[in-house]
Structure formats: structure tokens, C-alpha cells
Amino acid sequence: MEAKAHLKYARISPRKVKIVLDLIRNKDTRQARAILLNTPKAASEYLVKLLDSAVANAENNFSMDKNNLYVSECFVCPGPTLKRMMPRAKGSGDRILKRTSHVTIVVKEKA
């Protein structure tokens, strides 16, 4: 049995989130939370809340033991990209791509 938590339309690039997700994959949830709290990356702020949500879902919806959980899966998919313009010289403009992410964390109980 597994419990999931999703974060959609997070205003951070998937490339930046993936770096932090690789640190917590297959780790105990308490250890993963400690790693996220001590990682100086913008994505770790989003992921701490998401991990807490996944643990709460496991505990409340599936009656799993909170102390026996680990991060079995975690992945990020690109969301819609916001297109913006930045004025440049001679009346031209550069396109700015503001990327968004859809992040999923899955927790399972240790066998």
C-alpha cells in the first residue's frame, strides 16, 4: 500500500526540483525531512510541505505507521510554461520562459 501527495503548478523549474528530489529518493521519511530542512535550495521549501502531506495522507487515510515510512517514489513533470517578454535594444524583445512543475511524492511502509 502507498500514499501519494501532489503539488501542481509550482513556480519553479523542474530541473531545479529534480536535483533536490534525487537527494531524498528511497530514504526514510524522517531522514528525508532532515535533508530537506538543511538543503539550501529553493525547491526544498516546497518539498518539505509536500513530504509532510504525503506522510499525513499515509497516516490518516491508510492507517500506516508514521515511523515506518520511506520515500518510495518521487518525480517531477514540467507544467505549463508562462511566456513573458523583456524589452531589449532597438525596440526588440527577448522571450522569458517562466517554467512550472508538477511534483509527486509517494511513501510506502517498510516490509
Original post:
Looking at N68, N61, N26, which is the one that is surrounded by fewer than 15 Cβ atoms within 10 Å (Cβ to Cβ), closer than 16 Å to H6 by Cα and touching a strand residue (DSSP E or B) at 6+ places or on another chain (Cβ under 7 Å)?
Top reply: N61
Original post:
For the stretch 91-107, which residues satisfy the criterion of being open to solvent by 70 Å² or more (accessible area, probe 1.4 Å) and at negative phi?
Top reply: D94, R95, L97, K98, R99
Original post:
Which one is least open to solvent (accessible area, probe 1.4 Å), of the residues in the stretch 71-86 that are over 24 Å from R33 (Cα atoms) and aliphatic (A, V, I, L, M)?
Top reply: L82
Original post:
Do the conditions hold for M64, that is, is it touching an Asp or Glu at 6+ places or on another chain (Cβ under 8 Å) and at pLDDT 95 or above?
Top reply: no
**OP:** Would you check which residues across the stretch 19-60 are in contact with a Phe, Trp or Tyr (Cβ under 8 Å, 6 or more places away or on another chain) and of a type in the set (D, E, K, R) and list them?
**Re:** K27, D28
Subject >> Contacts under 6 angstrom Cβ, first residue in the stretch 5-34 being closer than 21 Å to M64 by Cα and acidic (D, E), partner open to solvent by 80 Å² or more (accessible area, probe 1.4 Å) and not in a helix (DSSP H, G or I), 6 or more apart >> reply: none
Original post:
Where residues in the stretch 29-56 are farther than 19 Å from H102 by Cβ and among the hydrophobic types (A, V, I, L, M, F, W, C), which of them is least open to solvent (accessible area, probe 1.4 Å)?
Top reply: A32
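The values are calculated or read from the model by the stated rules, or taken from the named source; none is laboratory data. Just so you know, these numbers come straight off a predicted model, no measurement behind them. Counting neighbours? That spans all protein chains shown, and the Cβs are built from the backbone with ideal geometry, glycine included. The protein model used for the area step is the full one, side chains on, heavy atoms only, and it has no ligands, DNA or RNA in it. Shrake-Rupley method; radii C 1.70, N 1.55, O 1.52, S 1.80 Å.
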